Each structure stands twice: as C-alpha cells, then as structure tokens.
Amino acid sequence: MKILVTGSAGHLGEALMRSLEDTEHEATGLDLKSSPFTGRVGSIAERNFVKRCLHDVDVVLHTATLHKPHLASHTRQDFVDTNITGTLNLLEEAVFAGVKSFVFTSTTSVFGHALTPPTGAPAAWITEEVVPLPKNIYGLTKLAAENLCELFRQSGGLPCIVLRTSRFFPEDDDDKTARLAYDDANLKVNELLHRRADIEDVVGAHMLAMQMAPTIGFGRYIISATTPFTRDDLDELRRDAPAAVRRHVPSYESEYRRRGWSMLPAIDRVYVNESARTQLGWRPRYDFGFAIDRLQASEEFRSPLARAVGSKGYHAEAFSEGPYPT
C-alpha cells in the first residue's frame, strides 16, 4: 500500500517512517520541515499541496499538528489553520483520492478539565466515555479535528480511526516543580503507571489502526501504557499512590531505593487502554512492570525505536525555564 505520513519530521512521524522502511508498504513523509524522512515539504493548510500529495495514496497516517508546546509561540489562528483546516483538507482530498484508511493522531489533552478531579475526590478513571472538556486552543482544535474525522466517516464513507495518545516524547517535563523533584528517567517511569506510552507501542497502535479502519469504520481509542490499577484503586491513588503501586508491583520499591528514586505521592488520573486492546488487538509492551524488570537487569527501559528517534525539542531556540515557554 502507498502510505502518506504527515508530520514526518516530528517524533511520531519519524518513528512511523522508520518502522515502515522494512515493510512491503511504500511510505512518503510530509512535513513543513525538511528531514531525512520527509519527501514532501509543505503545509497541510494549503489545499492544492495536499491534493498533490494524496495522489494514488491508500492510507493516511495524520500525525502533523501544532501541540501544547506551541501555545506560547503560535496564535490561536495558527492552531486552527494547522489542526482544523489542515485536517479538513486531508479528509476532503482523501475522499476524492479513494483513500481506504485514515488514522488521526489525537491526544489525551482533549479531556482537559476532566483530568483533574476536585480536591478530596478519587483519581479520574479516563476511558473513551469521559466527556472531553478542552482547556486550551490545542485541546479544542484536536477535538474539532476528531469530530471532522467522524463526520467524514458518516458523510463520505471514509474509514477513520482516532488515536488519543498520552505522553511519549523524551523531552524534559514542562513542570518546573516536577523537574526539580525527580530525576527525568524516574519521572517518566512513574508516568508509565498512568499517563505515558513508549513510542514503539504508539507506532504499533497506528499500524493496527490502519489495518482495522475499514472494518471498524470509525472509532476513538486511548493509547497509553497498560496500567496495573483498577477502579478500586482510585481513592487510594489520590491519597497514597506508593501504597497502591506497592500492592500491584511490589518489586519497584527495592529498585527505586537502589537508584535513589521516589514514587509520586498522589496520582490524579489513570488512562485506560482497554478498548484499544480489545477492539484493535493492540498489545503494548512497555509498561511500568516491564520498565522495572529492565531496570533491575540494568538495561534500558525505553524501546530501541524511542532511542533511535531521540529528542527533537519543540522550538528553534532554547529556554531557560524548561523545554518550552508556559
């Protein structure tokens, strides 16, 4: 199949292009920026450019986006142009081109305010049934693009899968308090419990989604590492997260002591990937338990693909207060 990967100079776009290299598929990368994985340089907000790029394409993997790190550097109109108009252009031209499968990379950020429970409430159990409450232009435009995908399935018959991905980038955390409190690897391993995925697993979800889209028609799926927690843990997670982790993954304590690491005192939300595992047949490998096993063996907890893609940064310039201005 001929596959168009948008955002091919970014973290996920590059990871997809790398993964497609050794397959029978013919993949072309599209991005605003030149890169070793970008064959088409241009903007998805330009309809004629998108039309040319979609000639004879069978599958679109749409990862291109303005995202949270761009909130301080781009206007709201920029977000609308890229995330909404760009997606609309791709969807319309995909229908005209007879594309068989369209996969849209969304974000758990669409849930917005729903991710933070009131003081004293249990942690939030985040499934696809939770109503999104975007709290900024990023989340709002991603949700609007999701809804466009659903519309084009209903009105144009285009098979579309929306993947709401959690954190998978390797850059330092944007929260200064978190950066000061935890070693970076410590924080990222902690997040595998409830709000992070390895990019190799995220790529795997996209590969399955493009295969399953014609059968499913339309669907939204949370893509995050499999949590060890259940609904019964939600109250304790908000009060005493280490106790809940100890019960499910007791081996973590000795390894954390050996490394001088610490567990999050409280966890406010848990992303649940059950629908993706059940309906897409997704089998993510890189979860918290896997990371602990690797650490105990003094091995790398990240996938080879994550290490190959590496850190890209979000802006051309560096910032003294974190990876991007907030």
> When the chain is modelled as a GNM with alpha-carbon springs shorter than 10 Å, which of Ala124, Ala15, Ala185 fluctuates the most?
Replying inline: Ala185
>> Tell me whether segment 22-74 comes out rounded, prolate or oblate; compute the Cα gyration tensor, take square roots of the eigenvalues as a ≥ b ≥ c, and use a/c under 1.5 as the rounded threshold.
In response: prolate
> Using a Gaussian network for the chain with springs between C-alpha atoms less than 10 Å apart, which of these wobbles most: Pro304, Pro159, Pro132?
Replying inline: Pro304
>> What does the C-alpha gyration tensor say about the overall shape of segment 2-309? Classify as rounded when a/c is under 1.5, otherwise prolate if a/b is larger than b/c, or oblate.
In response: prolate
> Per 5 Å bin, what is the whole-percent P(r) computed from every C-alpha pair distance within segment 19-113?
Replying inline: 2, 12, 21, 25, 19, 12, 6, 2, 0
>> Would you report the distance distribution of C-alpha pairs in segment 160-318 as whole percents per 10 angstrom bin, up to the bin with the largest distance?
In response: 10, 37, 36, 15, 2
>> If each DSSP helix of 4+ residues adds -39,500 (n - 2.57) and the sum is divided by the residues in the chain, what number results at 222 nm, nearest 500 deg cm²/dmol?
In response: -10500 deg cm²/dmol
> Which one of Leu20, Leu158, Leu193 has the biggest mean-square fluctuation once the chain is modelled by GNM with Cα springs under 10 Å?
Replying inline: Leu20
>> Under 5 Å between amide hydrogens, which residues at least 5 positions from Arg164 or on another chain qualify, with H placed 1.01 Å from N in the peptide plane?
In response: Ser106, Tyr221, Ile222, Ile223
> How much length is gained on full extension from Asp235 to Thr23, taking 0.36 nm per residue of separation minus their Cα-Cα distance?
Replying inline: 71.8 nm
> Simple spin-label model, 7 Å along Cα-to-Cβ: Arg47 to Thr177 in nm?
Replying inline: 4.7 nm
>> So for the chain, if I pair up every lysine 8 or more residues apart or on another chain, how many of those pairs have alpha-carbons under 20 Å apart?
In response: 14
> How far, in nm, would the chain grow between Arg277 and Ala185 when pulled straight, counting 0.36 nm per residue and subtracting the alpha carbon separation?
Replying inline: 30.5 nm
> Rounded if a/c is under 1.5, else prolate if a/b is larger than b/c, else oblate: which is segment 129-215, with a ≥ b ≥ c the root eigenvalues of its Cα gyration tensor?
Replying inline: oblate
>> If amide hydrogens are placed 1.01 Å from N in the peptide plane, which non-local residues have theirs closer than 5 Å to the one on Glu26?
In response: Lys2, Ile3
> With θ set to phi - 60° and the Karplus curve 6.51 cos²θ - 1.76 cosθ + 1.60, what are the ³J(HN,Hα) couplings of segment 226-233 in order, to the nearest whole Hz, using x for Gly and Pro?
Replying inline: 5, 7, x, 7, 10, 4, 5, 8
> Length gain on complete extension for the stretch Lys135 to Arg76, per 0.36 nm per residue less the alpha carbon to alpha carbon distance?
Replying inline: 19.9 nm
> Residues with amide H under 5 Å of Asn136's amide H, sequence separation 5 or more or different chain, H placed in the peptide plane at 1.01 Å from N; which?
Replying inline: none
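Here, each number is a calculation from the coordinates, and none is a lab measurement. Everything numeric here is computed off the predicted structure, so don't read it as measured data. Here the Cβ is made from the backbone with ideal geometry for all residues, glycine too, and neighbour counts use every protein chain on show.
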